[in-house]
1. Could you tell me which numbered condition Val487 fails, if it satisfies all but one of (1) of a type in the set (A, V, I, L, M, F, W, C); (2) over 41 Å from the mean Cα position of the chain (by Cα); (3) crowded, with 17+ Cβ neighbours inside 10 Å?
2. Taking Tyr97 as the residue in question, decide whether it is in a loop (DSSP other than H, G, I, E, B), over 30 Å from Asp368 (Cα atoms) and not small (Gly, Ala, Ser).
3. Across region 750-773, which residue is surrounded by the fewest Cβ atoms within 10 Å (Cβ to Cβ) among those that are out of contact with any Gly (no Cβ under 9 Å at 6 or more places or on another chain) and modelled with pLDDT of 90 or more?
4. Go through region 144-158 and give me each residue that's closer than 24 Å to Gly73 by Cβ and out of contact with any Asp or Glu (no Cβ under 8 Å at 6 or more places or on another chain).
5. Within region 205-222, can you find the residues that are outside any loop (DSSP other than H, G, I, E, B) and among the hydrophobic types (A, V, I, L, M, F, W, C)?
6. I'd like to check something: does region 101-108 contain any residue that is at pLDDT 95 or above, farther than 19 Å from Lys53 by Cα and buried (at least 18 other Cβ atoms within 10 Å of the Cβ)?
7. If the Cβ limit is 7 Å and pairs must be 6+ apart or interchain, which residue in region 134-152 that is touching a residue at least 12 places away in the same chain (Cβ under 8 Å) and among the polar types (S, T, N, Q) pairs with which residue that is buried (at least 22 other Cβ atoms within 10 Å of the Cβ) and part of a strand (DSSP E or B)?
8. State all residues of region 321-349 that are touching a helix residue (DSSP H, G or I) at 6+ places or on another chain (Cβ under 6 Å) and not polar (S, T, N, Q); if no residue qualifies, say none.
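The values are calculated or read from the model by the stated rules, or taken from the named source; none is laboratory data. This is a predicted model, so every value here is computed, not measured. Every residue, glycine among them, receives a Cβ derived from its backbone with ideal geometry; neighbour counts consider all protein chains shown.
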Amino acid sequence: MARRSTKTPPPDDASEERILDIDVVDEMQGSFLEYAYSVIYSRALPDARDGLKPVHRRILYQMGQMGLRPDRGYVKCARVVGEVMGRLHPHGDASIYDALVRMAQPFSMRLPLVDGHGNFGSLGNDDPPAAMRYTEARMAPAATLMVESIDEDTVEFSPNYDGSESEPQALPSAFPNLLVNGSSGIAVGMATNMPPHNLGEVIAAARHLIRHPDADLEALMRFVPGPDLPTGGRIVGLEGIRDAYEKGRGTFRIRATASIENVTARRKGIVVTELPYNVGPEKVRAKVKDLVAAKKLQGIADLKDLTDREHGLRLVFEIKNGFHPEAVLEQLYKLTPMEETFGINNVALVDGQPLTLGLKELLDVYVDHRFTVVRRRSEFRRSKRQDRLHLVEGLLIALVDIDEVIRIIRASENAAQAKERLIDRFSLTDTQTQYILDTPLRRLTRFDRLELEQEKEELSTEIARLTRILESDAELRKVVSNELAAVAKKYGTERRTVLLESSARPVEPVPLQVPDDPCRVLLSSTGRLARTATDEAFGPEPSRRSKHDVIVSVVPATARGDVGVVTSAGRLLRLSVVDLPTLPSGSNAPNLSAGAPVEEFVTVAADETVLGLATLDESSPGLALGTEQGVVKRVVPDYPGNKDEFEVISLREGDRVVGAVELRTGEEDLVFITTDAHLLRYPAGQVRPQGRAAGGMAGIKLGPDASVLSFTAVDPALDADVVTVAGVTDALAGTGQGTAKRTPFENYPRKGRGTGGVRCQRFLKGEDVLVFAWAGQSPPRAASAEGAPAALPERDPRRDGSGVPLSKPVAVVAGPLR
């Protein structure tokens, strides 16, 4: 198939129309090959010598020509882009600015080449860089190494796009930039993707290769075990890295660096401080949000991005109670960009040809390049010094007989004649003679002669050193190796990426959710909640007590079950056990210092207090309540599962609940103690269970101006005590504590429900009221209002005896855990 191409003839009427028959296939092939050649060699692939694509090389070279050194001020990026585009890179400004921005990003480059000032974007391009008219830049210290000695004939130059200027075909590159900073690009029919490495490790491998040119891959990998990404993270699995270092292609997985911490008082969380290479926090947040919405990811209560300049990256995943953070973290690795695969494809240009290179080949090309650079630099410097030595020797010859030189110059009719006479008289060269004639007479003094002789000696020494480098391969290798060592010492940093052989999972994987194991829920005297790890029995009493060790309520539960919190307003509030902090198993009478305040889980009014815990098990004997006005009630355990709050007693006007006890067997004795020092005990069986809406029945007959101070339940089969504290009521100062008494519970007889009971303490002079009372299993444990341990008196067998003074006020008493 062919097409006819008609070209518009020139305006000259004498010209004839020319029609060319062109094969479409040939035209397409030719055009595509030209395009592919341009992309491969002029855009997408880096040169293996300096590791730069043409646009990056032109930016660095032009910045060097503009004098944008690290010790100079910043200039607008738009100016740099304009200079590069006008002089060297005839393409769009966007591509030039994008390349400039990447070289300034510390999260993209392991050793940034541009020192940027302004917004140069964020990790993962979540926040794009500002426009070039706002940002400023100059060369980074590492960039000066790339262009170092470029003006000493170290590299070949070629004409720019219009032939008006010249540009380097490769930069001298004083460090292995291709391996250190990596590269990525997509050409036609091929692509490159190379990860960054640690500068010190790569230079150590290059120096080893200089000393041992026949070194194998195993020897080099002892220095370069794997990539070192600027964003850190963890590389999992090293098999693909070895394949890439051997054949030029391979894959490895990058994981975020995460730790499990306590992010709130009662919740654990996953804190991410490093993300995989080229992955930003916004990408992770968006993916997690989608997975949670689709219910493919469970256990995450909240996600916060606390990243700032002071602390760096910090993503906090708050984990719901009831889920194992370790299992949630594995799900994050599996389903989100917190674990990514990086495919290594080491394609670079070598002598103008795209080749796939392994680690040794990459180092060989770079080392050979440095040999060439140092050799050409040495030749250039030796030539310059030889030229200078030639002039110095001529000056010294003239200084030996300076009077004759002056006489010849003065006797000559013109400069040409003087030049010829000096050449004939002193056997000088044309260059030496011209330099003597151009030198001012003020320099031809005795002092200048000493300087010239010293300069001659230094030049001779330097020429000899450069000659040794040029004539000795060992000397050349030594120079290159020492220069690399100096670069590593100055710019080397510690490894950031952790290398892991494999992502070995535990033999038994951690389940996602906490199993519904039996446990106990505890409430302390200071209103702290916690749960035990298992339903095991508690150990013996510790020899020393600590704060928050008085446990006023304990109920059995399961880890994923619910319990109730009973308040003085007659309410029962549902509480999820899995939300509570866990105490370690095997605790001996544990304290709840590590517990969480009950206010974090339920909301109570200002005049409402939490009295105890209750199970929501319908098979239990139920809940026993006692009110301030002497009402008693046993609640039928009937709690609908669709409600989180219940009214368990209908209180009279001005009444409130003073005690709430979860019955264990139903055979306990209910105990009332009043402010006028009366105690009444009777079997719980005398109280008929009632529904939640009922108001209860008469529990104790109160005396004039008396009220119920304490209501508890005591198992008569166990050793128990009664603790009472008498005091004085002062209308101005309130109620103050006086004396306390501890009496065996068995000394108090049973009476009928609704009676007045028996006296439990005799008031001393000045005492008129009980300010505290309690009955329960022995031995009792007392504490102050702040939860600090308090001492109680020894047992007094007299049930109506008087008390003894207290060393510390007592606010709460409880029995041992069971």
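1. Only one criterion is unmet by Val487, namely (2).
2. Numbers: in a loop (DSSP other than H, G, I, E, B): no; over 30 Å from Asp368 (Cα atoms): yes; not small (Gly, Ala, Ser): yes.
No; evaluated as a whole, the condition is false for this residue.
3. Initial filter on region 750-773 (out of contact with any Gly (no Cβ under 9 Å at 6 or more places or on another chain)): 750, 752, 755, 757-760, 765, 773.
After this cut, where a residue has to be modelled with pLDDT of 90 or more as well, the list is 750, 752, 755, 757-760, 773.
Details: Arg750: 12, Gly752: 9, Thr755: 14, Gly757: 22, Val758: 16, Arg759: 15, Cys760: 25, Ala773: 27.
Within region 750-773, the match that is surrounded by the fewest Cβ atoms within 10 Å (Cβ to Cβ) is Gly752.
4. Of all residues in region 144-158, those closer than 24 Å to Gly73 by Cβ come to 144-148, 150-151.
Residues satisfying the conditions are Thr144, Leu145, Val147, Glu148, Ile150, Asp151.
5. To start, the set of residues in region 205-222 that are outside any loop (DSSP other than H, G, I, E, B) comprises 205-211, 217-221.
Correct list: Ala205, Ala206, Leu209, Ile210, Leu217, Ala219, Leu220, Met221.
6. No: zero hits.
7. From region 134-152, the pairs are Thr135/Gly116.
8. Within region 321-349, the subset touching a helix residue (DSSP H, G or I) at 6+ places or on another chain (Cβ under 6 Å) is 321-322, 335-339, 344.
Listed by number, the residues that qualify are Gly322, Leu335, Pro337, Met338, Glu339, Ile344.
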